[in-house]
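A.B. asks: I'd like to ask you about the structure that follows.
Each value in this text was obtained by applying a stated rule to the coordinates, not by laboratory testing. What you see is a predicted model, and the numbers here were worked out from it, not measured in a lab. As a convention, Cβ positions derive from the backbone with ideal geometry for all residues, glycine included, and neighbour counts pool all protein chains shown.
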Amino acid sequence: MQIYYLPDQRTVEADNVSTLLNASLEAGIPHTHVCGGNARCSTCRVMILEGQEYCAPRTSAEQELATQLQFEPGVRLACQTVIAQNGKIVLRRLSLDAEDMALFFDQATGKITTRMLGQEKSIAILFADIRGFTAFAEALPPYDVIYVLNRYFQRMAQVINRHAGTINVYMGDGLMALFGVENPERAVERAVRAGVEMLTVVEDLNPSLEMLYQRRLEIGIGIHYGGTVIGTIGDPKSPKMTAIGDAVNLASRIEAANKTLGTKLLISEEAYQETQTQVVVGDRFNVQLPGKSGEYCLYEVQDVIPSPAYDATLALKLTVPVPAHPPSSRRWRTSLWNLIQKIF
Ligand code: FES
């Protein structure tokens, strides 16, 4: 089997490979395959210029994507295109310009960097927004608005960090935080506990805001647990991690639903299923969400059930690097080591 690659102008002998993508990768051709060869992206696409008859017909997964993206008949997903017969194939790779290279390939190793490509992960997504902030901001000098926002965001960041989450995006007076990107352990529980604590912290802030500005802050929080693609975007010199996917949109809609439902903290059915033994819920709502079809069951979270094990585990993980062995003969360190052993 011979495959001639354009624009590489390389001929590859491919006798024992199953797909066009495997042939490229075995020959060291930097063939982009963002989703890892699972028919979930289209970055491996090629135009078959000659020898279509040596390729097996599209798989159902490839056909689905081809229909969605309106591929011409000669455009194939290399990862899905099985070489069916011996012959000569001429193809052109379609994702390969210098900017693609900068995005997808590590200059030092010449290998694809998964960091830049994205990875599918189920995570907990928390959106929070200040209610009526436009009116609040209009009544204050701009410097005071910045001051209030900075105090608010600082306190929210402390809470989110304490529960091992990350604020990923600030949007005006809103934020999106992610839990479970690095460590999936108890990700939804961490998000919900953070959400409840955020409400408490806002209440703690309010007396000083009332004293200074005769105004209070109210926030709404929405949490969902679902599949996303985590990747980095932006200039490769200063990339920024983000989460993309329907789950992110849904979390944002859930947060917005607080306004119409008169609630402060709503979680999705998926988030509830992960945390039902740890949360105290109030009302349940079956609602339609803007831009979404069907009905969604949302749960109003009123509180979380205290968990000393959760608190201790998290606190230690965040503050004490766990050594491989008791680090020294000093008594306090050995005591700490014994405590860690008990908890883990
Ligand atoms: S690598 Fe994503 S579809 Fe082929």
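A.B. asks: Can you give the convex hull volume per residue for the Cα atoms of region 15-90, as a whole number of Å³?
C.D. replies: 83
A.B. asks: What Kirkwood hydrodynamic radius do you get for region 118-306 when you take the inverse of the mean 1/r over all pairs of distinct Cα atoms, in Å?
C.D. replies: Details: mean 1/r = 0.0590 Å⁻¹.
Roughly 16.9 Å, rounded to one decimal.
A.B. asks: Tell me the label-point distance for the pair GLN276, VAL82, using the 7 Å Cα-to-Cβ offset, in nm and rounded to one decimal.
C.D. replies: With each label point 7 Å from Cα toward Cβ, the separation is 4.2 nm.
A.B. asks: Quick one: what are the phi-derived ³J(HN,Hα) couplings along region 161-173, Karplus 6.51/-1.76/1.60 with θ = phi - 60°, whole Hz, x for glycine and proline?
C.D. replies: Result, ordered by residue: 5, 4, 9, 6, x, 10, 6, 9, 9, 9, 10, x, 9 Hz.
A.B. asks: Follow-up. In straight Cα distance, which aspartates and glutamates are under 18 Å from LYS264, not counting same-chain residues fewer than 8 positions off?
C.D. replies: By straight Cα distance, LYS264 reaches ASP129, ASP173, GLU189, GLU197, GLU203, ASP204, GLU218, GLU255, ASP283, GLU300, ASP303.
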